[in-house]
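Worksheet: one structure, shown below.
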Amino acid sequence: MTRRGWCPTLFEPMQSGDGLLVRVKPPGGRLAPQQAQALAAAAARDGNGAIELTARANIQVRGLSAASAPHFARAMVEAGLAVADVAAERRRSVAVAPLADVATIAVASALEARLVADSSLAALPGKFGFAVAVPAMSADVRLHRADGVWLVWPDGAAVAVLSDDPAGDAVRLAHGFLAVAPGAKRMRDAPAAPVFAAAGLRAAVAVPETDAPRVVGPFDAGFGVGLPFGAMDAQTLAALAACGTLWVTPWRAVVGPPGCAALAVALGLIVDPTDPRRAVAACPGRPACMAALADVRADAATLAQRFPGLALHVSGCAKGCAHPGPAAVTLVAGADGYALVREGNAAATPLRRGLTLEAAAAMISA
């Protein structure tokens, strides 16, 4: 099956400019060395070798064909990176904090198991997802542990449930969402109070404020390696697998053992959190994406060096897939050049249209 304009899964590819693309959801957010090797080998064999990290801590593999996509999917199931049931794999969307402790991994594993087993959740929208102890990540249902106590809440709520069964309460909130807003696309589109009521849960404490970690460089007991614009090739992933277990993050980086640092430098990856490419978001652009109207990653790399530290989004079209939210400066490729938006997203009204890259850079400087 191939579709466009929606969220692809492992078994439901999306057509793009460079072939079909699929998404892999590593259970628990982790890739054991043999799993990373299997993923890299399959991406090179069945696709074009291009691998990307998504904002949902998924792994996107590009360049597959109608003939090779089923072969790739079987390889991922055999590697323990997916389940064979198409509907269960679609709703198994759980992001987990990198280097999570045993208790957090246990909750995430229990949540995944419940999602796989509960076929009554088949009506959940394709983008509906859960985040376990992942700070500052947008997710439909959030689970967070503070002082040894689990809190669970739906996106858009100001209060959370004190939970003795965080995985179960997360699933109950998903059922509450379906009962309250069966046609809604995301949890934030449903009023929180009725969702709590339909789930049979009572919110008791304020939702905690969390900040995204500095994920590149030394990271707790590991080392965070940034990927330029969230992308790498299969050979790079295979090389990183030699480090040990890798954790996938929603911040365009993977976290591995401390020994990853030297290898990452040799591979030309990002090891300095102040690297200017960390501040710039860019979609695959032309020719990888059929909707893109420019080679935006090449242009983004140029602008990153010219304006280090500037929160910049360079989008191949007005959809703004790489960064749906606002940025200090957003450039949107069009048929006549770039449109420039300040403090907005790719769909916002631009200050100017029809700009060359140099003209856009001059406006940014001004």
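Quick notes
- Sub-9 Å Cβ pairs linking a first residue in segment 92-112 that is free of Cβ contacts under 8 Å to residues at least 24 places away in the same chain to a second residue that is assigned to a helix (DSSP H, G or I), at least 6 apart or interchain, are A106/A167, ordered by first then second residue.
- Single residue of segment 208-232 satisfying the filter (small (G, A, S) and farther than 30 Å from A288 by Cβ) that is least open to solvent (accessible area, probe 1.4 Å): G222
Conditions (1) under 14 Å from the mean Cα position of the chain (by Cα); (2) more than 25 Å from S109 (Cα to Cα), marked per residue:
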residue: T9; (1), (2): yes, no
residue: M14; (1), (2): no, yes
residue: P33; (1), (2): no, no
residue: R45; (1), (2): no, yes
residue: G49; (1), (2): no, yes
residue: L53; (1), (2): yes, no
residue: N58; (1), (2): yes, no
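- Test: residue in segment 122-133 that is of a type in the set (V, I, T), part of a loop (DSSP other than H, G, I, E, B) and either open to solvent by less than 60 Å² (accessible area, probe 1.4 Å) or free of Cβ contacts under 8 Å to residues at least 24 places away in the same chain (or both): no
- Of all residues making up segment 20-76, the number that are charged (D, E, K, R) and either on the phi > 0 side of the Ramachandran plot or modelled with pLDDT under 95 (or both): 1
- Of the numbered criteria (1) small (G, A, S); (2) open to solvent by 20 Å² or more (accessible area, probe 1.4 Å); (3) in a loop (DSSP other than H, G, I, E, B), the one A57 fails is (2).
- When restricted to residues that are assigned to a strand (DSSP E or B), out of contact with any Ser or Thr (no Cβ under 8 Å at 6 or more places or on another chain) and surrounded by 17 or more Cβ atoms within 10 Å (Cβ to Cβ), segment 335-364 contains 2.
- Members of segment 186-207 found to be part of a loop (DSSP other than H, G, I, E, B) and surrounded by 13 or more Cβ atoms within 10 Å (Cβ to Cβ), listed by number: R186, A190, P191, L201, A203, V207
- Residues (surrounded by 19 or more Cβ atoms within 10 Å (Cβ to Cβ) and in a loop (DSSP other than H, G, I, E, B)) located in segment 294-334: A294, G316, C317, G320, A322, H323
- Check on L111, more than 21 Å from the chain's Cα centre (by Cα), open to solvent by less than 10 Å² (accessible area, probe 1.4 Å) and not acidic (D, E): no
- Residue match in segment 143-155 (condition: open to solvent by 10 Å² or more (accessible area, probe 1.4 Å), among the hydrophobic types (A, V, I, L, M, F, W, C) and over 28 Å from V254 (Cα atoms)): no
- The residues listed here are A179, A136, A170; of these, the one that is farther than 20 Å from A117 by Cα and either in contact (Cβ under 8 Å) with a residue 40 or more places away in the chain or not in a strand (DSSP E or B) (or both) is A136.
- Residue within segment 238-258 that is among the charged types (D, E, K, R), in a loop (DSSP other than H, G, I, E, B) and surrounded by fewer than 22 Cβ atoms within 10 Å (Cβ to Cβ) present: no
The values are calculated or read from the model by the stated rules, or taken from the named source; none is laboratory data. Given the structure is predicted, the values throughout are model-derived calculations rather than measurements. Please note: Cβ atoms are built from the backbone with ideal geometry, for glycine as well, and neighbour counts cover all protein chains shown. Heads up: the accessible areas ignore ligands, DNA and RNA and are worked out on the full protein's heavy atoms, side chains in. Shrake-Rupley method; radii C 1.70, N 1.55, O 1.52, S 1.80 Å.
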